[in-house]
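Comments concern the structure below.
The values are calculated or read from the model by the stated rules, or taken from the named source; none is laboratory data. All values reported here derive from a predicted model rather than from experimental measurement.
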Amino acid sequence: MAAMERMRPERLQGRWRVVAHVGLVTLGWVGFVWLWSLVLVRPWDSADLRVLILGTLLIVPLLTLAWVAHNLALHRRLGPRRQVRAVAPHYVQDFNGRAVVADFDELRSAPRVVIGIDGGRKNYRSAGVWLPAAPAPAAPVARARAQETLDA
């Protein structure tokens, strides 16, 4: 439960901060509506665009409210979550049906994991200590041209 407490956002401190945040959000929405109103009054035939905008303004909030209502009904029926859902600890096959070959105890502490596919198997292995990639050496042709420039 302590982890859940840390995930909750802090409340805004002070009345003026709340007023400022509400004002900024309101200005954002006013700007959004104003800019779309400029698009809608264009001289081209924008009937389809009007239908799209108005439909979106109705459908998206309705879908959101339906989702919230669904989650509230689940919460009323089942109560709050008390733990994460149990998951099978063994990963033996990927979603394409390939057999998974891995030492997950070793991979947990690996700084880098290399995943390779070998026929019908998916191999996970530790790549050892991670080192940043060295800059690529100059190409032989570029090196030769640079030497010619220096010799001239």
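Of all residues in segment 63-100, which are β-branched (Val, Ile, Thr), within 30 Å of Gly119 (Cα to Cα) and at pLDDT below 90?
Within segment 63-100, Val87, Val92 meet the criteria.
Before we move on, is Arg17 assigned to a helix (DSSP H, G or I) and among the basic types (Lys, Arg)?
yes
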